[in-house]
Amino acid sequence: MPRSSFINSTLSLGLLLLIWQVTASIAASPVLPSPVLVFTTLIDAINSGELPHHLGITLFRLAISFFLAMLLGIAIGLALGRHKQTNLFFDSWLIILLNIPALVTIILCYIWFGLIETAAIFAVVVNKLPNVIVTIREGARNLDEELIEMSVAYRFGKWKTIRHVIMPQLYPYIMASARTGLALIWKIVLVVELLGRSDGMGYQIHLFFQLFDITSILAYTVSFIFVIQLIETTILNPLDKQSQRWK
Amino acid sequence: MNQLNVNIKLKQHQHHGDENSFDVIKNLHFEQQSDQFICLVGPSGCGKTTLLNIIGGLDNNYEGDIQIDEQIGTPNASFVFQTPRLLPWCNVLENIQLANETDISPDTIEQLLLELGLKNSLNSYPHHLSLGMQRRVALARAFSVNSDLLLMDEPFVSLDQPTARKARQLLLTLWQTQPKTLIFVTHDIEEAIQLADRILFLSDSPSTIIDDIAINTPRSERTSEHINSFRNELRTEHQHLAHLL
């Protein structure tokens with residue numbers, strides 16, 4: 001990361017903290033605790049082992065549903081983007097899936113499958129899947145036909161074509177849906193936990209809501225903002241750089 | 001032996017969302033001896049690319065058949081397209097390796113690239129090469145593959161004259177060291193006279209062969225004067241070809 005952009009983001013975050021601090025001291029109300037108080041609560045929650053436990057469980061659900069949604073979404077999106085007839089046939093299904101409110105799928109999953117882990121993960125996947133499909137389908141429609149024809153002429157075969165000709169072209173679309181996907185899945189996992197699980201961040205936040213513990217709600221929020229930043233800088237950005245090497 | 005028999009009765013193009021179709025190729029037959037170099041010359045839009053795609057097995061939607069050594073089937077062909085069509089995310093070495101079904105040793109590729117004046121570009125990405133160099137990589141890819149038939153579709157179009165001349169010379173050198181049955185599409189009659197054993201002239205679509213001319217002069221004697229006089233001879237003796245010369 002260039003020095004200037006590091007300084008930039010530090011300054012920008014610093015400003016945000018300052019606004020928070022000033023507003024909190026003016027309001028001087030228990031519903032808006034100051035950043036210092038939130039951070040001490042955060043440290044306590046980490047030390048007691050409570051936060052790592054719930055954060056870990058949420059991250060586990062997040063990871064499984066993220067990879068399931070991405071894998072299925074890429075396969076289905078690619079199939080729909082490459083086969084006009086199939087796409088025309090299933091297009092209305094996709095529109096229905098895209099527009100069912102998340103809450104409805106979550107509740108239906110719990111009713112149909114029971115309050116179990118599988119239902120929770122399935123509900124998250126169903127919510128994320130249509131978005132991945134739509135993005136990947138767009139990418140699959142824009143594939144370079146000349147390169148595909150070249151791979152046929154040189155008898156690449158199915159897997160070689162997918163790996164060396166199609167995937168590199170889909171990569172920007174995959175990265176885009178991974179980024180938006182991560183953000184969306186976070187939000188849905190928390191709702192899923194709130195409605196039908198007895199652990200995880202969503203469950204905890206629900207508990208704090210009932211106790212009216214705003215400081216803890218903010219402390220938990222800060223902790224997963226931190227985790228998302230970590231995923232962005234240690235996984236997504238290096239992946240981006242790696243794939244853009246040839247440019 | 002890679003003797004080729006092309007026998008296309010009819011090839012139609014279907015317009016999208018349209019019941020009408022129009023004939024691109026009709027009653028086109030020719031035979032090609034093993035390791036013969038044929039140039040196909042015809043007006044633009046007459047279906048030369050379609051013809052190559054049929055011969056190479058990329059297009060199976062036609063009436064007729066293609067035979068190689070009297071066996072009906074898809075010949076094992078390698079292509080050089082109008083644009084280089086290299087994978088931009090693979091370097092030169094990977095591009096050539098990927099085209100080969102069996103593993104090809106980097107030494108063989110290096111030798112091939114050396115002959116084509118690309119020995120320092122083994123690890124370069126296509127973006128960093130000039131168009132002329134990319135076309136030479138495409139040529140190397142086609143020759144690296146163990147194929148019965150080489151199909152080239154205006155491979156040196158949009159190169160400047162000196163670069164194109166050099167590329168043609170390299171092609172001839174490669175072809176003479178590794179003889180292959182070769183079909184080369186061009187609209188440049190001088191290029192055809194310089195390269196070919198035999199030139200086939202195609203009509204407007206529905207295209208068919210309107211003339212078949214053998215060139216017996218050894219390639220070393222095909223100077224620009226010779227090419228010009230050959231062309232003038234064609235003009236006077238084959239008046240119906242005047243629009244292609």
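Computed from the coordinates by the stated procedures, all read-outs in this text should not be read as laboratory data. Worth saying up front: this structure is predicted, and the values here are computed from it rather than measured. Backbone-built Cβ (ideal geometry, glycine too); neighbour counts: all protein chains shown.
Is one or more of the residues making up the range A:51-70 out of contact with any helix residue (DSSP H, G or I) (no Cβ under 8 Å at 6 or more places or on another chain), part of a helix (DSSP H, G or I), exposed (fewer than 15 other Cβ atoms within 10 Å of the Cβ) and in contact (Cβ under 8 Å) with a residue 24 or more places away in the chain? There is at least one residue in the range A:51-70 that is out of contact with any helix residue (DSSP H, G or I) (no Cβ under 8 Å at 6 or more places or on another chain), part of a helix (DSSP H, G or I), exposed (fewer than 15 other Cβ atoms within 10 Å of the Cβ) and in contact (Cβ under 8 Å) with a residue 24 or more places away in the chain.
Looking at this structure, is A:THR23 buried (at least 16 other Cβ atoms within 10 Å of the Cβ) and hydroxyl-bearing (Ser, Thr, Tyr)?
Details: buried (at least 16 other Cβ atoms within 10 Å of the Cβ): no; hydroxyl-bearing (Ser, Thr, Tyr): yes.
In short, no.
Inside the range B:93-124, residues that are touching a residue at least 40 places away in the same chain (Cβ under 8 Å), under 15 Å from A:LEU147 (Cα atoms) and of a type outside the set (S, T, N, Q) make up a count of 2.
Restricting attention to the range B:161-205, the residues that are under 22 Å from B:ASN76 (Cβ atoms), among the β-branched types (Val, Ile, Thr) and in contact with a Leu (Cβ under 9 Å, 6 or more places away or on another chain) add up to 3.
Suppose we filter the range A:166-177 for residues that are buried (at least 18 other Cβ atoms within 10 Å of the Cβ) and either in contact with an Asp or Glu (Cβ under 7 Å, 6 or more places away or on another chain) or facing chain B (nearest Cβ under 10 Å) (or both); how many remain? Qualifying residue count, the range A:166-177: 2.
For A:VAL227, the requirement of being buried (at least 18 other Cβ atoms within 10 Å of the Cβ) and more than 14 Å from chain B (Cβ to nearest Cβ) is not met. Residues that are assigned to a helix (DSSP H, G or I) and surrounded by 21 or more Cβ atoms within 10 Å (Cβ to Cβ) were ranked within the range A:148-165; the one that is farthest from the other protein chains (Cβ to nearest Cβ) is A:SER151.
Listed here are the residues, each with its yes/no results for (1) among the charged types (D, E, K, R); (2) closer than 16 Å to A:LEU71 by Cα; (3) in contact with a Leu (Cβ under 8 Å, 6 or more places away or on another chain); (4) within 14 Å of another protein chain (Cβ to nearest Cβ).
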position: A:TYR110; (1), (2), (3), (4): no, no, yes, no
position: A:THR118; (1), (2), (3), (4): no, no, no, no
position: A:VAL125; (1), (2), (3), (4): no, yes, yes, no
position: A:LEU129; (1), (2), (3), (4): no, yes, yes, no
position: A:ILE133; (1), (2), (3), (4): no, yes, yes, no
position: A:ARG137; (1), (2), (3), (4): yes, yes, yes, no
position: A:ARG141; (1), (2), (3), (4): yes, no, no, no
position: A:GLU146; (1), (2), (3), (4): yes, no, no, yes
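Restricting attention to the range B:24-36, the residues that are buried (at least 16 other Cβ atoms within 10 Å of the Cβ) and assigned to a strand (DSSP E or B) add up to 6.
If you go through the range A:20-48 and pick out every residue that is over 28 Å from the mean Cα position of the chain (by Cα) and in a helix (DSSP H, G or I), you end up with 9. Against the test of being surrounded by fewer than 20 Cβ atoms within 10 Å (Cβ to Cβ) and of a type in the set (S, T, N, Q), the options A:ASN142, A:ASN127 yield a single qualifying residue, A:ASN142.
Can you name the strands (runs of 3 or more DSSP E) wholly within the range B:125-243 that have at least 2 residues being exposed (fewer than 14 other Cβ atoms within 10 Å of the Cβ)?
B:209-214
Does B:SER34 satisfy the criteria of being more than 21 Å from B:SER203 (Cβ to Cβ), hydroxyl-bearing (Ser, Thr, Tyr) and within 14 Å of chain A (Cβ to nearest Cβ)? For B:SER34, the condition - more than 21 Å from B:SER203 (Cβ to Cβ), hydroxyl-bearing (Ser, Thr, Tyr) and within 14 Å of chain A (Cβ to nearest Cβ) - is not met.
Sort out which residues of the range A:1-18 are more than 19 Å from A:PHE226 (Cα to Cα) and assigned to a helix (DSSP H, G or I), and write them in order of number. Outline the logic, then answer.
Pass one, the range A:1-18, residues more than 19 Å from A:PHE226 (Cα to Cα): A:2-4.
Once the filter is applied, which keeps residues that are more than 19 Å from A:PHE226 (Cα to Cα) and assigned to a helix (DSSP H, G or I), the range A:1-18 yields A:ARG3, A:SER4.
Quick one: is B:LYS9 crowded, with 21+ Cβ neighbours inside 10 Å and more than 12 Å from every other protein chain (Cβ to nearest Cβ)?
Numbers: crowded, with 21+ Cβ neighbours inside 10 Å: no; more than 12 Å from every other protein chain (Cβ to nearest Cβ): yes.
So B:LYS9 fails the test.
Of all residues in the range A:232-246, those that are of a type outside the set (A, V, I, L, M) and farther than 13 Å from A:PRO172 by Cα total 6.
The selection criterion, being closer than 29 Å to A:MET167 by Cα, surrounded by fewer than 16 Cβ atoms within 10 Å (Cβ to Cβ) and of a type in the set (S, T, N, Q), holds for B:ASN61.
Do we find a residue being under 21 Å from A:ALA69 (Cα atoms) and either surrounded by fewer than 14 Cβ atoms within 10 Å (Cβ to Cβ) or touching a helix residue (DSSP H, G or I) at 6+ places or on another chain (Cβ under 8 Å) (or both) anywhere in the range A:207-214? No, the conditions are met nowhere in the range A:207-214.
Having 2 or more residues that are aromatic (Phe, Trp, Tyr), out of contact with any Gly (no Cβ under 7 Å at 6 or more places or on another chain) and in contact (Cβ under 8 Å) with a residue 24 or more places away in the chain is the bar; report the helices (runs of 4 or more DSSP H) wholly within the range A:181-247 that clear it. Spell out the reasoning first.
Details: elements: A:201-211, A:214-231, A:237-243.
Hits in the range A:181-247: A:214-231.
Being within 13 Å of another protein chain (Cβ to nearest Cβ) and assigned to a strand (DSSP E or B) is the filter; apply it to the range B:37-86 and report the residue that is farthest from B:GLN134 (Cα to Cα). Within the range B:37-86, the match that is farthest from B:GLN134 (Cα to Cα) is B:ALA77.
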